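Working notes for the structure below.
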Amino acid sequence: MATQIDVMPSNDPFTMKDLNTEHPRWCVGCGDFGIIMGLKRFMVEKQIQPHMTVNVSGIGCSGRAPFYFNTYGIHAIHGRAITVALGLALTRPDLNIFIHSGDGDAMSIGGNHLLHGINKNFNCVFIMYDNELYSLTKGQTSPTTRKGHPTQTQPLGTMLDPLNPISFVLGAGASFAARTADWMPDHLTSTLKAAFDHKGFSFVHVSQRCPHFDPENFDHKTTNWFSFIIHEKGIPADKRVAEKVEVITHDPSNKEEAFKLANRKHAYFGLFYHDPQKPCYDELLRRQVKEAKPKPRSGILDSFKI
């Protein structure tokens, strides 16, 4: 389903109010509110023109995100948002493309597309909403559900260790991998800015609260379970909580160290890895098409004249 609200070009600066559409239909306290507000805030600060922006989503709680932006939008089918976005990137390189995908949409049914989207490294910002649960369908186990947590499909507790999104994308060859959280608006906005400025497939993992189906997860009121990773080429720590949280320096060009940080049980927020030199498939393909020359006809069919 495609949406177009009121995205006519204008030379006037736009505000958050101009980006709003209908009131979002999510549960009270859902982290999705914070994520879309963070993206709107970034768009206003950077003046990312709505008529040059497309929000693409799959299925899940995050799937409704395109409806709540006064931009162009596509609500694609489950796990296929990346394929739709790639088509846009190939044909309209002038557009700003944001992909909204949940932990199930990205890491389960859409896992194969995430793998190849990362490998192709086409230009977009991929936002993974991760509440570690299938919440739209009332709380089943997702690929990132923590081990031992009771769910509708595994009421005695999940039996497997969850997939690690940052480790997965680093292993797949991501050129940009960062983590932030819905309850840290300054850090979320800074992360989106860094992702947008990167040329290629920017993977942004967002820890997202689900107070309705998993109120005990992501204890945002305490700070002893996470740290910030910072660098002059990275993302600054969130000023609102930086004084209470360990802040360590990490060079985002160091992939080996990025893996080590991603695989620790302690959570880290910031830029894990950044490779601005990785080729972009969309650019390579457009260049090939531009430089293509027709080959002279030869063979038996040349004797037939029409």
| task | Note the angle between two axes, namely the Cα long axis of helix 81-91 and the longest principal axis of the Cα atoms of the chain, as a number of degrees from 0 to 90, rounded to the nearest 10. | result | 40 degrees
| said: Residue by residue through region 262-271, what is 3J(HN,Hα) from phi via Karplus (6.51 cos²θ - 1.76 cosθ + 1.60, θ = phi - 60°)? Round to whole Hz and write x for glycine and proline. | reply: 5, 8, 7, 5, 5, 8, 10, 10, x, 8
| query | Setting aside same-chain residues fewer than 8 positions from residue 138, which lysines have a Cα under 29 Å from its Cα? | reply | 40, 147, 221, 265
| task | Run down the aspartates and glutamates and flag those whose C-alpha is under 20 Å from the C-alpha of residue 199, throwing out any fewer than 8 positions away in its chain. | result | 45, 94, 232, 251, 275, 282, 283
| remark: Label model pair residue 167, residue 199: point-to-point distance (7 angstrom along the Cα→beta-carbon line) in nm is 3.3 nm
| In degrees, nearest 10, range 0 to 90: what is the angle between the Cα axis of helix 111-120 and the longest Cα principal axis of the chain? | 60 degrees
| Roughly how many Å is it from the Cα centre of region 170-216 to that of region 32-111, as a whole number? | 13 Å
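Rounded to the nearest 20 Debye, what is the dipole magnitude of the chain about its Cα centre when Lys and Arg each give +1 and Asp and Glu each give -1 at the C-beta?
On the way: 33 positive and 30 negative charges, 166 e Å.
Charge dipole, the chain, about its Cα centre: 800 debye, nearest 20.
Looking only at Cα atoms, what is the convex hull volume of region 176-232 per residue, in Å³?
Working: hull volume 5.6 nm³, N = 57.
Measuring per residue, one finds 98 Å³ for the Cα hull of region 176-232.
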| field | Long-range HN-HN contacts of residue 140 with modeled amide H, under 5 Å | value | 134, 152
| note | At R0 = 25 Å the Cβ-Cβ FRET efficiency linking residue 160 and residue 77, nearest 0.05, sits at 0.40
| Size of the chain along its principal axes in angstrom, Cα-based, largest extent first? | 78, 44, 44
| task | Please report the relative contact order for the chain, taking Cα pairs under 8 Å with a sequence separation of at least 6, and give it as a percent rounded to a whole number. | result | 16 percent
| In degrees, nearest ten, helix 185-197 long axis to first principal axis of the chain (Cα) | 20 degrees
| note | Taking GluC sites (Glu not before Pro) as exposed when in a DSSP loop with at most 13 other Cβ atoms inside 10 Å, the chain has its longest clean stretch at 23-215
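Take the chain, mark every one of the chymotrypsin sites (Phe, Trp or Tyr not before Pro) that falls in a DSSP loop and has at most 12 other Cβ within 10 Å, then report the longest stretch left between them, sites excluded. Don't jump to the answer; show the numbers that get you there.
Numbers: sites that count: 225, 304.
Answer from the scan: 1-224.
Laboratory data are not the source of any read-out in this text; all were calculated from the coordinates shown. Keep in mind the model is a prediction, meaning the values are calculated, not measured. Every residue, glycine among them, receives a Cβ derived from its backbone with ideal geometry; neighbour counts consider all protein chains shown.
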